[in-house]
Structures are given as structure tokens and as C-alpha cells.
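Data first, discussion second: the structure below is written as C-alpha cells.
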Amino acid sequence: MPRRPPAERTATVWAERWERAAKAASFLVLVSGVVGIISGVLPPQRARLRIVADVLGLPTVDAAAATSVGLGIVLVLLARGLRRRQRRAWYLAIALLLVGAAVHLVKGLDVEEAVLCLTTVVVLVAARHAFVAEPDAEERSHPLVLLLGLFLTSLLAGYVVIRVNLRGMRPSGDALRATLLKGFLGLHGPVMFPTDRRSDVVSATLLALGILTAVVPLAAALRTSRGQVGLTAVETLRLHRLLDARPGGDSLGYFALRQDKHVVFSASGKAAVSYRVVSGVALASGDPLGDPEAWPGAITAYRELVALHGWTPAVLGCSEQGGTAWQRAGLSVVELGDEAVVDVATFSLAGRDMRGVRQAVARMDRAGYRTRVRRVGDLEPNELEELRHASATWRDGTVERGFSMALGRLGEPGDEGCVVAESHHDGQLQALLHFVPWGRDGLSLDLMRRARDCPNGINEQLVVAALVAAPCLGVRHISLNFAVFRSALERGARLGAGPILRLWRATLLLASRFWQIESLYRFNDKFGPRWEPRFLCFRRTSDLPRVMLAALQAEAFLPSFGRSRVHGFPESAVETAIDTAVPDTAAITD
């Protein structure tokens, strides 16, 4: 692999240094917040308290203790924004730490806590160049989720405050009711404190927590909406031109036209990277579009955008060529699975290996199921409407899945080059396959849908029908589904496989009870495809849990809160890397 230019290597080194600086500073802010909470809850030293109380009075001291708890909670929340190098979080953290240092002195001459706050300020100022990220418009917390999180945190903090200020053991239920009644609702709670001062301390602290719990979610709810997201008409047109300029491009290239994705172009405009932000991860899919020689420029623009917003970079499902380009840009690359590609010229139903498919097709033909394969541009409007209605009706669940190998729509303007394979019985539509263009002479499977009462074998019939009709459509190869961890399933079943590989295969088989891992691989393998590896790219190993979580949210396996809606489907509705092109579990037959 050729070495990167010196300037590029130097920029990478500095980027890594600023990343470590941001991480260290965010950790110090987190520690300062936790210390502030604990310090505000615990009673101060009497000798120090007497000095401050004689000058400022006990009510001021009690208010400072309550403020310390509230500031600590906010600092803990700010640590995440600092970890993502957000400039606004940096400004706010410095201001709160300076206030916190003064509060620590007022509430009992807590010099140690004040020194910690000031030291953290010094570290933040020294690392100021690390915090360049703009506010993340894509990842705003939902006000209800924020309210629930703050309520539970404040409830726990209030409970601890009450327990510390009680002399003798009391039932936990009294402390919890006191937190809710005395603190959040302003009523008299069921707990009696030994002294009036302790009661005042608890009241001030709970009042601060109650205000914090109410005001922060309200401010989040009143923020201006970020509006419609996705590709603009100009961006869509530019992407079409990039796809047309590279006839033999990536089989996943057309899926960059999903309307819930964003795109960043190289400075020359000859290449682009499509992505979508999920839980702070800028999840790109497939290879960059356009001229491979211009890919470094598009990747650089993507990395700069990621750094600007404090997102985590990741790529899902790129090819070997794309993975090499991302690796040269500094990302780590691991194999995720294999894509099944069938060459039309060599496909045949003859032979023992194709016996299962041959029998399935013959069985469907005898049962009276008839197929048609056409371009979407050749369909009548009423036929398109029938296909859309059937696709929505047969979908498994209410969420439309799809991301790296799903388009998320059917028969929209601009998609006339897509292909639909239909199966009819007694004049009624029973199943369909939808393919998107892959360059000028290929197709890539988008979705499989079928009626619930269809017999097994209908998908095999439709795939074969598409392969038979391919020459008339000018198609030379068809990409089927993506089989995650296919090589592990295959090698783990071989004679002499090692214990680790056998254990990994057993784990995948167990997961196949919930997701279509093995069944999808077996279905693809029926058609004798060539397997093209696909890769996952990430910045560092520590990012993997976050990247996988974002991928699961993007695939709609985990919920994503607070997303806007684009063209009628949730922004969180995207496909699974495990079951990329077959969202309906009933669509796969063994």
C-alpha cells in the first residue's frame, strides 16, 4: 500500500493529539461534576462552615450546596458534548466550572473542589483548539427522553441528599415521597429532619433539582426545528450524474439516492460520500461515488465535516476497493460479510447443485404462478399503485427497513430504470422483487415482498425469472442479498475447524433464531453466486460499540427517538446489515 504524503500524515497526527486532548478534558469535567454532586450532598466541615456562615449566613451556604449539586449534574451531561469536541459545550463548561469554584468556596470553604474546577478550566483552555465541532443539529435529544433522564437522575440525587441529612434509619419510601413532594411539588413531605438547618439544606437542594428537571427539557422542546432532512433536488441530480459517469460502479451506489441520506462532494465535484447521522455516528454506506481517483477528495471532505460536527466516522458495506481507500484515509477495516452476485451468462438451472431451485420453480409453475419482469418506466400508473399498496401491506411490521441496500421507495420519478419482477396467481399479485440499477448492465436487489399465504418457492421463481429476463434488459450481472459473516458460517462447518471458529459459528447460528443470518446465506447460495466481500470501516476499536449501536438503530433493530420523517417513513427506518435486502422474514425459504 503506498505511503500517505507527509502533509497528510502530519494532519493525522495532530488530529489524533487533539482527539486525546478532548478525551482527557471531558474526563476531567466528568470528574468535576461527580465531585460537585458528592460535595453538595455531604455535610461540610464544621470549622470551615462556621467561618463562611459568620460572614455570609447559613441560607447562602445552603443555597450554594444546592447549586453545587445542580451544577454537577449539568457538568456530567456536558462531558459527552466535550468528548465529541463541541465548541458550545466547551464555552458552557468553562463558565460553569468558574461558577462551581466560587460555589465550593461559599458552601464551606471547600478549597480542594475549587482547585479541581480551576485546574479543569486550565486544561480546557490549553486544549481549546480541540473543540471545533458545531452544535449537532442531527442528534438533538428528544425532550421527553431528556425529561425522563433528568427526573431519574434528580430523584436519585434527592434521595441521597435526604438520606445523608437524616439521623437514624428511615424507610426508603418516606425518603422517596419526600423527594417527590417536598422537592418537585413544593409540598410538605412525610420526613421530619432533626434540625431546621438540615431541612433548609434539603429543601434548597431539591428545589434546585426540580427547577433543573423542568427547565432543561422545556428549553429543548422550544428549540427551532431542524426541518426536513435528506437530499435536495440539486444533490440528487449531481448523484445521478456521478452514477452515470461510472458505468461499472458499486452495486450499492444507487442506494445513495435514498431521501433520508446526506451527501458531501469532493472539491472537484467528481466524487461524493453519502452518509446518515445516527446517534452521533456519520454512517456512510458502500463505496464513494464517482471517479476512484477523486475518492480521496470526497473522503477528506467527509472527514472534515465529521470533525466539524464532532461525529464518529464509520462506513458500512464498502467493497475491497472502497475499503482500501478508507484505510488509506486512516480508518480500520474489518470484513463484515459477503455480497452474492450472479453472472447472467453463466447461470443455469441444470446440474445437481441447482436441483432445489429447479424443483421450486417447477412446483410454482405447476401451481399456476406466472411471472413478469419489467422496467418501472414501462408500468402503468395503476400498476405502480398496486405494487406500492402490496409492498406496504406485506411488509413485516410497521417500519420500512433499509439503508445501505434499500432504496426506501418504489416507482417514484427518476427511478424509471429500476426493475420489478412480479408473480401472479389467478390474476392476483402474489409477490414481487424490486431491483435498482447497478451501472449500465447490472441490477441490485432492493426488496422482496410476498403475500403471507404464498407457498414456499415463490422467491426462487422470481429470482430465476429476473435472471432469465436479464439479457433482454441488457443486464449481465445481478446482486442479490448481503450475507453477514458468511465466511465464518462456511469455514466453521468444515472438517478440522478450530474451537474458536466453531464457537463463533455456533454463536451465529444462535443469533439466526432472531435474525436471518444463516437462512439468508443459504438462500443466496442456492443460485451459485460469486461472493464479493464487504467491509466495515471505523476510526478505532473503542468506537466499535458505538458504531454497531448506530448501525442497529439505522437498521431499525433499536429505536431512534426524535427523528424527523422524510417522504412518509421514519428517518430511523433503515435496513439491517444482517438482513439487508429481505426485510420480510416470511420471504426467505429454506
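What follows draws every value from the coordinates through simple rules; no lab data is involved. Keep in mind that this is a model prediction, so the values were computed, not measured. Counting neighbours? That spans all protein chains shown, and the Cβs are built from the backbone with ideal geometry, glycine included.
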| request: Would you kindly derive the ³J(HN,Hα) couplings of region 87-94 from the backbone phi angles with the Karplus curve 6.51 cos²θ - 1.76 cosθ + 1.60 (θ = phi - 60°), listing them in order in whole Hz, with x for Gly and Pro? | output: 5, 5, 4, 5, 4, 5, 5, 4
| query | Looking at the square roots a ≥ b ≥ c of the eigenvalues of the Cα gyration tensor of region 222-334, which shape do they give, rounded for a/c under 1.5, prolate if a/b is larger than b/c, or oblate? | reply | oblate
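How would you order 347-353, 448-454, 258-264 from highest to lowest mean count of nearby Cβ atoms within 10 Å? Intermediate results must be reported in sequence, preceding the final value.
Working: 347-353: 11.6, 448-454: 18.0, 258-264: 21.9.
Those peptides, ordered most packed to least, come out 258-264, 448-454, 347-353.
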| note | Once amide hydrogens are built 1.01 Å from N within the peptide plane, the residues lying 5 or more places from Val277 or on another chain with amide H under 5 Å from its amide H are Leu283
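Length gain on complete extension for the stretch Ala126 to Asp365, per 0.36 nm per residue less the alpha carbon to alpha carbon distance?
Gain on stretching Ala126 to Asp365: 78.6 nm.
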| field | Neighbourhood charge, 15 Å Cβ-Cβ cut-off, centred on Arg246 and excluding it, Lys, Arg +1 and Asp, Glu -1 | value | -2
| task | Take the alpha-carbon centre of region 261-287, take the same for region 434-456, and report the distance between them in whole Å. | result | 25 Å
| request: Would you please classify the overall shape of region 274-323 from the alpha carbon gyration tensor, given that a ≥ b ≥ c denote the square roots of the eigenvalues, rounded means a/c under 1.5, and beyond that prolate means a/b larger than b/c while oblate covers the rest? | output: oblate
| request: Would you please give the residues with an amide H less than 5 Å from that of Tyr369, counting only those at least 5 places away or on a separate chain, with H modeled from the backbone geometry? | output: none
| Each residue of region 245-258 in turn: what ³J(HN,Hα) in whole Hz from Karplus with 6.51, -1.76, 1.60 and θ = phi - 60°, glycine and Pro shown as x? | 6, 10, x, x, x, 5, 5, 9, x, 5, 6, 5, 7, 4
| message | Going by amide H atoms built from the backbone, whose H comes under 5 Å of the H on Gly337, apart from near neighbours? | response | Phe485, Arg534
| request: Calculate one ³J(HN,Hα) per residue across region 379-385 by plugging θ = phi - 60° into the Karplus curve 6.51 cos²θ - 1.76 cosθ + 1.60, and present them in order as whole Hz with x for glycine and proline. | output: 8, 6, x, 5, 5, 4, 5
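Asp353 to Asp244: extension gain in nm, 0.36 nm per residue of separation minus the Cα-Cα distance?
The Asp353-Asp244 span can extend by a further 35.6 nm.
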| message | I want to make sure I understand the PRE zone here: with the label point 7 angstrom from the Cα of Arg375 toward its beta carbon, which residues in region 406-435 have backbone N atoms less than 19 Å away? | response | 410-422, 433-435
